[in-house]
1. Would you pick out the residues in segment 22-56 that are among the hydrophobic types (A, V, I, L, M, F, W, C) and surrounded by fewer than 18 Cβ atoms within 10 Å (Cβ to Cβ)?
2. Pull out all pairs, ordered by first then second residue, where Cβ-Cβ is under 9 Å, the residues are six or more apart or on different chains, the first lies in segment 55-74 and is in contact (Cβ under 8 Å) with a residue 40 or more places away in the chain and within 9 Å of Val179 (Cβ to Cβ), and the second is surrounded by fewer than 14 Cβ atoms within 10 Å (Cβ to Cβ) and charged (D, E, K, R).
3. Of all residues in segment 66-90, which are crowded, with 18+ Cβ neighbours inside 10 Å and assigned to a strand (DSSP E or B)?
4. So, Gly113, is that one touching a residue at least 40 places away in the same chain (Cβ under 8 Å) and either more than 16 Å from Ala86 (Cβ to Cβ) or exposed (fewer than 13 other Cβ atoms within 10 Å of the Cβ) (or both) or not?
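The values are calculated or read from the model by the stated rules, or taken from the named source; none is laboratory data. All values derive from a computational prediction rather than experimental measurement. Glycine also receives a Cβ, built like all others from the backbone with ideal geometry; neighbour counts cover every protein chain displayed.
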Amino acid sequence: MKKAIFTLLILFAFGKCFAQGTGYSLPLPEKWKSETIPFPIGFAPSIPYQGIEELRFTPGWGDATSNEYWTYTFLWFVDGSPQVNAGLLNTYLTSYFDGLYHSNNKSSPDSTGFTKTAIEKVAAVTGDQETYSGKISTLNFLTKKPILLFTTIHIQNYTNAKASALFFEISPKPYKNPVWQELDSIVQGFQIQQ
């Protein structure tokens with residue numbers, strides 16, 4: 001009987017780890033919120049990847065008085081090793097943030113192109129194949145007012161898993177603010193399950 005229970009526990013654990021077929025683990029700090037969206041992303045269908053988007057929101061993400069306001073990270077865990085460069089990231093992030101605004105403000109005009117991005121390749125951070133940094137000027141769907149977001153983007157390819165991880169760290173706070181250390185810890189805690 002003990003052997004049967006142990007076997008069921010092992011099967012349950014495996015099911016929990018691989019139920020979504022993600023093949024990775026991404027930290028979720030205490031009090032942070034998460035969301036998972038499959039590709040194609042409904043509000044940004046022009047981003048051509050196959051895979052999954054996972055978001056991690058700081059506890060103060062929606063609180064305008066918090067140092068963590070609009071501070072979050074998201075992972076695109078996608079099939080293969082897609083081409084990534086600053087031009088594509090600018091295009092994808094423009095589509096993403098235009099679509100994000102409209103998906104949360106159904107009554108707003110159908111205008112697009114209000115998001116402006118300035119992403120550029122920088123020296124690769126340890127563990128990254130490539131690293132990018134830049135700014136995203138868009139509309140805050142919570143207030144319907146302009147917001148300037150800073151971003152660091154980490155590109156990591158995993159040939160054994162036949163997948164790539166694109167990490168986006170986002171905050172309106174300058175890079176020296178402590179919130180960036182929190183975002184870095186999420187990226188650094190990412191693990192491929194072998």
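1. Those that are among the hydrophobic types (A, V, I, L, M, F, W, C) and surrounded by fewer than 18 Cβ atoms within 10 Å (Cβ to Cβ): Leu28, Ile37, Phe43.
2. Pairs found: Thr58/Lys31; Thr58/Lys33.
3. Residues satisfying the conditions are Tyr72, Thr73, Phe74, Leu75, Trp76, Phe77, Val78.
4. no
Matching residues to (1) modelled with pLDDT under 95; (2) out of contact with any helix residue (DSSP H, G or I) (no Cβ under 7 Å at 6 or more places or on another chain); (3) not small (Gly, Ala, Ser); (4) not in a strand (DSSP E or B):
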{"residue": "Gly15", "(1), (2), (3), (4)": "yes, yes, no, yes"}
{"residue": "Thr22", "(1), (2), (3), (4)": "yes, yes, yes, yes"}
{"residue": "Glu30", "(1), (2), (3), (4)": "no, yes, yes, yes"}
{"residue": "Glu35", "(1), (2), (3), (4)": "no, yes, yes, no"}
{"residue": "Pro59", "(1), (2), (3), (4)": "no, yes, yes, yes"}
{"residue": "Tyr92", "(1), (2), (3), (4)": "no, yes, yes, yes"}
